[in-house]
1. What are the equivalent ellipsoid semi-axes of the protein assembly as shown, built from the alpha-carbon gyration tensor (square roots of five times its eigenvalues), in whole angstrom, biggest first?
2. Quick check on packing: order A:84-96, B:152-164, B:103-115 by the mean number of other C-beta atoms within 10 Å, highest mean leading.
3. Dipole of the range B:8-127, Cα-centred, from +1 at each Lys and Arg C-beta and -1 at each Asp and Glu C-beta, to the nearest 20 debye?
4. Among B:11-17, A:65-71, what's the highest-first ranking by average C-beta atoms within 10 angstrom per residue?
5. Quick check: Cα centre of the range B:81-122 to Cα centre of the range B:1-64, how many Å?
6. Can you work out the FRET efficiency for the pair B:LYS31 and A:VAL34, with r the C-beta to C-beta distance and R0 = 51 Å, to the nearest 0.05?
7. Give me the inter-chain shielding for B:185-192: mean count of other chain Cβ atoms within 10 Å, whole number please.
8. Can you pull the mean other chain C-beta count within 10 Å for peptide B:212-222?
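Here, each number is a calculation from the coordinates, and none is a lab measurement. This is a predicted model, so every value here is computed, not measured. Every residue, glycine as well, gets a Cβ built from its backbone with ideal geometry; the counts of neighbours run over all protein chains shown.
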Amino acid sequence: MNATSPTHHTVMRSQLGRARGLGSGHSGTDHWIVERVSAASLLPLSGWFVIQMFRLGGEDYEKVARWGGKPVNATLLAALVATSFYHAEVGLQVIVDDYVHGKAHAPAKLLVKIGTGLLGLLGIFSVLKLALGRTAAKG
Amino acid sequence: MVELKLPRNSTVGKGQFFPAPAGSKNVRTFKIYRWTPDDDSNPVMDTYEIDIDSIGPMVLDALIHIKNDVDPTLTFRRSCREGICGSCAMNIDGENTLACLKPVRDMQGDILINPLPHMPIVKDLVSNLDGAYAQLRSIEPWMKADSAPPPDGERLQSPEERAKLDGMWECILCFCCTTSCPSYWWNGDRYLGPATLLAAYRWIADSRDEHQGDRLDALEDTFKLYACRTIMNCTQTCPKGLNPAKAIGRIKELQVERKL
């Protein structure tokens, strides 16, 4: 911002031009809504998950797989995984916006999307495997 | 990318010492940030011992005393000395406030005085606010209405409509809030900052303004508005007791309201 700072190139563009910049990106509200909705959704989903894990603690794979094979449990598990990683993506974007500047900004944001997306997919696939694996193996 | 250390030319050194005159009774120590663009030297903290019984009660009185009687090279902005012009905004004991409203006796120990944080420095306690002023101008802080005003007078507001502007018209644009905001430190080139967003909401909330939608359009941006992380430094530091964080929250509510 400082035109005379020795560490920056001299900028002769007017302050108003710099303040207006590229104008509004017309985005941000959806991100803001999703941040809050996903956080609120994670409260009951996580609560349900913790209770289930206490109930299933120490049980063998067969019992856990039978539990995970029930449609309601599989749906809630998938919803938990999807919401968690969606929330993580939305939250990590904010951290990148705050701390990563310059040329690294856009690639860092993309990396967050790809990373959380892949981890989320892995989670969903694991839920599917747990839910359908037994039936498939039997069939 | 991520800057973890201060740039070399920002490391603050030790400065000069100005002892209190002999016979002083109630001596307090003021440590004041000094930097001049005239040479390549780094900033320093000068130390001034002041007999506060011999001066007025406020930090600004001490600064004026130093400039008049101790060290005429000290540079700072001041004008009204009663909290209405916003000129003497600076960081006193770690908090942005107006030197003219800050009583010396309210503080313990040495009194640290720095310019408003994270802005380019013109000299000593004078920070360069050109960017912040331009951001204020960019939100067009004036009434925009397409209906013609009544031919026989001004545009009228009901008392209830007028009451919606309370807590906003009082802003004196000292930018204590904006320069206290970490999000503004990180992204001050794109984030508008609390003072400018408070001014933006002041016009969005004005019943006489007819461009609410355009104003919300211009603000809907990942940085301009949404870089606010509700850190709340703005509200905590405001020397006028205003609540910029609430105004920003209202803008976000309106953005949601028109989308859902």
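1. The equivalent ellipsoid of the protein assembly as shown has semi-axes of 50, 29, 21 Å.
2. Working: A:84-96: 17.7, B:152-164: 10.5, B:103-115: 15.6.
Put in order of decreasing packing, that is A:84-96, B:103-115, B:152-164.
3. About 160 debye.
4. Ranked from most to least packed, the peptides come out as A:65-71, B:11-17.
5. Cα centres, the range B:81-122 to the range B:1-64: 12 Å.
6. Details: r = 47 Å, r/R0 = 0.92.
It comes out at approximately 0.65.
7. Taking all residues of B:185-192 together, the mean is 3.
8. Average neighbour count from other chains, rounded to a whole number: 4.
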